[in-house]
Amino acid sequence: MEGTAMPEDRLCYDIENKIGRSPAKPDGQGGSPLPHGNEDRRHQAMARYLAGDRIEDICRELGCAKSWLYKWRARYQANDPAWARERARRPRSNPRQTPDRIEEAIVHLCQVWGPQGSGRTSAATIWQVLKEQAIDPLPSRRTISRILQRHTKEANRNTSLA
């Protein structure tokens with residue numbers, strides 16, 4: 001398989017986001033990663049792009065993927081110094097998450113019903129009480145069980161710290 005090696009000009013890597021530092025030059029010369037931080041690297045790439053350098057050359061020399069450069073080109077704004085900052089990848093919201101008021105009601109029922117009877121309150125019992133109270137949306141028994149497990153772990157963690 002002699003002809004399967006990738007040409008040097010196509011060796012671009014997008015590992016900045018995976019390891020938090022710039023990669024070493026792909027051709028093995030220089031040996032050490034570029035000393036620039038991530039924001040400096042973005043500024044350098046955009047300055048070269050705006051100066052008219054070819055995208056392939058920028059990517060090869062900075063050790064980045066074309067998609068990385070296109071992403072930062074789209075975010076570039078000359079009048080905003082914060083354009084090069086990394087953005088959070090976490091979703092802003094989770095529409096399927098159990099509402100706080102329902103989670104609090106489940107924890108409250110567990111605390112109220114727990115001391116009575118034979119110990120731990122079951123998810124089925126709490127589900128039945130929530131159904132009788134016409135709670136909407138009514139979480140599944142499995143969701144109630146997960147909430148109780150999470151609450152138990154948090155309670156155990158808080159008592160071990162004290």
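The values are calculated or read from the model by the stated rules, or taken from the named source; none is laboratory data. From a predicted model like this one, the values you see are computed outputs, not experimental measurements. Every residue, glycine among them, receives a Cβ derived from its backbone with ideal geometry; neighbour counts consider all protein chains shown. All accessible areas refer to the heavy atoms of the entire protein, side chains included, with ligands and DNA or RNA removed. Shrake-Rupley method; radii C 1.70, N 1.55, O 1.52, S 1.80 Å.
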Condition met for Leu62 (closer than 14 Å to Glu39 by Cβ, touching a helix residue (DSSP H, G or I) at 6+ places or on another chain (Cβ under 7 Å) and at pLDDT 90 or above) | yes
Only residues in region 127-150 that are more than 15 Å from Arg96 (Cβ to Cβ) count as the first member; pair them with residues that are part of a helix (DSSP H, G or I) and of a type in the set (Lys, Arg), Cβ under 6 angstrom, at least 6 apart or cross-chain, and list the lot.
-> Trp127/Arg141
Could you please tell me which pairs satisfy a Cβ distance under 7 Å, a separation of 6+ or placement on different chains, a first residue in region 91-102 that is within 16 Å of Leu148 (Cβ to Cβ), and a second residue that is open to solvent by less than 100 Å² (accessible area, probe 1.4 Å)?
-> Thr98/Pro139; Thr98/Thr143; Thr98/Ile147; Ile102/Ile135; Ile102/Pro139
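For (1) part of a loop (DSSP other than H, G, I, E, B); (2) of a type in the set (A, V, I, L, M, F, W, C); (3) open to solvent by 90 Å² or more (accessible area, probe 1.4 Å), each residue gets a yes or a no:
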| position | (1), (2), (3) |
| --- | --- |
| Arg60 | no, no, no |
| Ser67 | no, no, no |
| Tyr70 | no, no, yes |
| Arg73 | no, no, yes |
| Ala78 | yes, yes, no |
| Ala82 | yes, yes, no |
| Arg85 | yes, no, yes |
| Pro91 | yes, no, yes |
| Thr98 | yes, no, no |
